[in-house]
Every structure is written in structure tokens, then in C-alpha cells.
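Asker: My structure is below; once you've seen it, I'll send some questions.
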Amino acid sequence: MNKRVFAYLVVALLITSLASASFATPANDKTALDIHFNSIVVDSHNDTMMKAINSTTWLPETDILENTNFHIDIPKLQAGGLNVPFFAAYTSGYYGNTPRSISRTLALINALHWTEENNSDVFKITTSLKEIEKAVHEGKIAAVPTIEGAYSLDEDNAIELLHQYYDLGIRAVGFTWNSSNDLGEGANRQYGDPERTPSSGGLTKLGEEVAKEMNRLGMVIDVSHMAESTFWDVINVSKAPIIASHSGMHSLRNHQRNLTDQQLKALAKNGGVVGVVFYPEFLTYERPNYIKDYVDHIDYAVNLIGIDHVGIGSDFDGGPLPDDLKDSSELYKVTEELVRRGYKKQDIEKLLGKNTLRVLKEVEKVAQNHPNKVGQGLTIKPAYKMGEIISTTTPKLTAEIIREKGSKIDAGGFRIIVDGISYDPEYDEETSTLSLQLTEPLKERFHVVTFEATNNAGKIKRETRIFYIDD
Ligand SMILES: [Zn+2]
């Protein structure tokens, strides 16, 4: 090789290595944006609906179609390329007041349905992988409803109310927020009463039942706010993969909300995914922190448990963000940092969404034996639309039952379920009306009613509505 060729080679090598060096180049940014905006981007936790409701009445108030001062609204989701946000119905619980915890949870689910109804051309509540893919393909935001803090579930109502939440589209449930409840021990290891009574570890018997029922229904168990003891019980009980919807890595930042290496390994073995959270307090000891600190947590998890078990779990509108991330409109900056660190396109696609979607798919697969196959040949038409406002605390809840020609119903198979409590309703054959006159006044504002009928093949049909009492 003569000197001249050698010099050319050196220059060529220099240019190549500069282009892939650790600082951003224009080519690099373009690659990152290409990857980001051509991926299905999934975020397993936000608290935006909490901000969309009126703080006194809990009725929906702010339509996120417009620009807001929230971390998430529709224009920001579009600008940030966030296709599949999980919208949590968050409550920290009202200790000893289940009706209020039910009301709060329903208020936030109702706000999501209201958001969908106002913006159906661009925003769709999606409850299966198939629906998510269809909505994204049509250029819509695919919203996945979830619950953070199942303080509304107790001994009397848990299984029926869980089914009603499923009807309303809920596909992931975090059993606890930080305080413990009837299902298990939360991160704080104490109940939410004024005395902050210490709790004993793990899932309760009821929590175990709820976990099994969620497997059967096809709902994802979210371990993010659980105490470690509860996490281990869930790992033992769940037949389907789980998520930690918004957590960090304990080895980088010692915090009760972060997962230890042992937990991360168990989560990977279970087939689950940790959605890495932006919340600054969970990322570093020093503040402020930045997206690079966030991606350090991704790096750490990927190195420990592999590329298939890590995702995004923002906590948008649930707390502060790293200093260089304004809101969801800048989510592509994470992809820019991943590209800078040498992650390949296929791996970035997994982190951005494919991993979390895989969990949804596997949870659906485990649930295929679900016994409540939908009954054919009959239609149930409740007298209420979703979120109906009614003016009495003792309403008569009614629905019309429409039978297709030739189809039969099992007259003994009617039920009306209110806030997780099942009642035997009246059925008027002449008008085909199913009804229940409540006699005990309902407490609190938001409630949920399900009308259920069974056809002669034993298949069940249900219609579920949230209603609001303004008396
Ligand atoms: Zn949280």
C-alpha cells in the first residue's frame, strides 16, 4: 500500500468513526426520527385523566383535543409519536370508604370514555392487540384503559366489579398505590388510615383470587407500586406475563418504587416488561437529571435481563420530568439517545413498544379459555348512555332486551350488577324490559351498572354503563 492510499484510508476511517461518534450528527438525528416515527410507541402509564376532570364534581372538564398545560394532550401525543398511551384511573384510596374509591375510579374511566366520544376520529379506546393495531394503522391514538390502585375492590364486590371494569375496557390493574389494601401490601407497607397501621406482607387471599381472575379475563397485573413481598406472590400466582408499568432500577437508585436485580430477573423469567419511569426521584440521587440518566436505567435493565423485557412507562401528568424533557411531545428524544448509544433499529422498536404489546398478546392467549363467551342472538339496550347524569339516589335501572328471530333467552339468566353487587332484576315479557328498582340510596356520585342476559346455549351477553348522580 503506498503512502497516498494509506492517507485516504485514514481519512475515510476518521470520517466513519466521527459519524458514529457519541455526539449527535445530522445524519444520526434523522435516523433516530425515522426509527421513532415509524415504530409503534407504547407508554404503559400516565395520569392525564386526573387532570381532565373537575376537582370538585369529578365530571370531565378538559378536552385534550386542544393544547393544554398537561404533559399529554392529543397534539402533543401526535408531535411526540406516542401511539399507544395507557391511561390510568388513579386513586390512592379513601380508607374505609369503598363507595368513594369506586366513585373516584369510575370518574377517571368515565373521563376517558368522554374523551373518546368527543374525538372519535383521532382517539380510540382499544382493548385488544387487534384493536390497537387497527387504530394505529388508521392514524389514531390507541388508548388503553388501566387502573392504578384497586382500593375499590373489597371482599363483597371484588370479582363482579373487576368484570365490570373489564367491560369498561380496563386491561391492566395495579393492585395497590403506595398504601396497602384488601388485595395486598403496597410500597409503603402500611394502610391508608390516619394511624398508618402497618400491614403484613404479600397478597391477601382476595388478592390471589383477583390475580387468578385477571389471568382468566385477560387483564395484565401491574406490580409497579406493590411492596416487594406482594411482587413475589404475584410472580408465584400469575400464569401470564406481568408489567411494572412505571418503575426504575433499584441498583442505580435505592428507592422502594424501583425493582431490585432479583425482581428484574424474575420479571424477565415471567415474560414480563418493566416500563421505565421518567420520575426524577426514581432515577438519580442528584437533581436535576436528564434523558441520559433515564436511558442509563434502560441500559442497566437491558444489560441485566435482555432487550425483550424493557419498555417505556412515563408517568406523564403524574409527576415531574427530567429537565430536558418538556412533555410527551418530546418523547422522540429518548430514541435519539438510544441511537447515540448504538442501539439497533430492531432493538429500539422492542423498547419503544413491541415488548409491551407482546405482553398484551400473551395475556390474551392465557385468557382464551375465558368462560363468558359472548351470547349471540340477543341485544341489550340500556336506557343510559355512558356517563349519563341522573337526578335520584334510588334510580330504576332499565334496559331493553332485543331478541333476534328464533333465538331464545334463559329467563333465569338475567342479572343486574351495581358497583360489584349482583341483583335479581324484574323482566317484563310484554315490553322486553329488564329493570331493577334500587331502594337503598346510592352513596357518592359515580356508579356502574351491568345488564346481563344468557341465551339458551348458556352464553352471556352484557352491557355496562357508568352513571353519575346529581340530585
Ligand atoms: Zn404511580
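All of the numbers you see were taken from the coordinates with simple rules; none came from a lab. From a predicted model like this one, the values you see are computed outputs, not experimental measurements. Please note: Cβ atoms are built from the backbone with ideal geometry, for glycine as well, and neighbour counts cover all protein chains shown.
Asker: What distance in nm separates the simple spin-label points at ASP471 and LYS365, each placed 7 Å from Cα in the Cβ direction?
Answerer: 5.0
Asker: Another question, then. Which helices of the chain meet both criteria: a Cα extent of 15 Å or more along the helical axis and a mean Kyte-Doolittle score no lower than 1.0, with helices taken as whole DSSP H segments?
Answerer: Span-like helices here: 3-19.
Asker: Using only alpha carbon pairs under 8 Å that are at least six residues apart, calculate the relative contact order of segment 406-471 and give it in whole percent.
Answerer: 35
Asker: Can you figure out the FRET efficiency of THR379 with LYS30, using R₀ = 56 Å and their beta-carbon distance, to the nearest 0.05? Please report the intermediate quantities before stating the final value.
Answerer: Numbers: r = 52 Å, r/R0 = 0.93.
Using R0 = 56 Å, I get an efficiency of 0.60.
Asker: Full-extension gain between LYS345 and THR392, please, as 0.36 nm times their residue separation minus the C-alpha to C-alpha distance.
Answerer: Taking LYS345 through THR392 to full extension adds about 11.2 nm, to one decimal.
Asker: Among ASP428, ASP315, rank each residue by its count of other Cβ atoms within 10 Å, from fewest to most, as a rough exposure measure.
Answerer: ASP428, ASP315
Asker: While we're here: Calculate the FRET efficiency for LYS326 and SER422 from the Cβ-Cβ distance with a Förster distance of 51 Å, rounded to the nearest 0.05.
Answerer: 0.60
Asker: Fully extended, how many nm does the chain gain between ILE159 and ALA411 (0.36 nm per residue separation, minus their Cα-Cα distance)?
Answerer: Stretched fully, the ILE159-ALA411 segment lengthens by 88.4 nm.
Asker: Kindly provide the helix-only [θ] at 222 nm of the chain, computed as the sum of -39,500 (n - 2.57) over DSSP H runs of four or more divided by all residues, to the nearest 500 deg cm²/dmol?
Answerer: Per the formula, -10000 deg cm²/dmol.
Asker: Computed FRET efficiency, Cβ-Cβ of LYS212 and SER128, R0 25 Å: what is it to the nearest 0.05?
Answerer: Efficiency computed from Cβ-Cβ geometry: 0.75.
Asker: Can you put HIS36, HIS113, HIS255 in order of Cβ neighbours within 10 angstrom, beginning with the fewest?
Answerer: HIS255, HIS113, HIS36
Asker: Order the peptides 83-91, 433-441, 166-174 from the highest to the lowest mean number of other Cβ atoms within 10 Å of their residues.
Answerer: Working: 83-91: 25.6, 433-441: 14.4, 166-174: 23.1.
Result, highest mean Cβ count within 10 Å first: 83-91, 166-174, 433-441.
Asker: Moving to a separate point now. For GLN437 paired with ALA79, estimate the spin-label separation in nm (one decimal), with each label point 7 Å from Cα along the Cα-to-Cβ line.
Answerer: Calculated label separation equals 5.6 nm.
Asker: Further question on the same structure: Between the alpha-carbon centers of segment 394-424 and segment 179-198, tell me the distance in whole angstrom.
Answerer: Cα centroid to Cα centroid, the span is 38 Å.
Asker: Related question: Using alpha carbons only, what's the Rg to Rh ratio of the chain with Rh from Kirkwood? Could you put the intermediate results ahead of the total?
Answerer: Numbers: Rg = 24.3 Å, Rh = 23.5 Å.
Rg/Rh: 1.03.
Asker: Evaluated at 10 °C with a viscosity of 1.306 mPa s, what Stokes-Einstein diffusion coefficient in µm²/s does segment 31-151 have when Rh comes from the Kirkwood expression over alpha-carbon pairs? Provide the component values of the computation, followed by the final result.
Answerer: Numbers: Rh = 14.9 Å.
Calculated translational D: 106 µm²/s.
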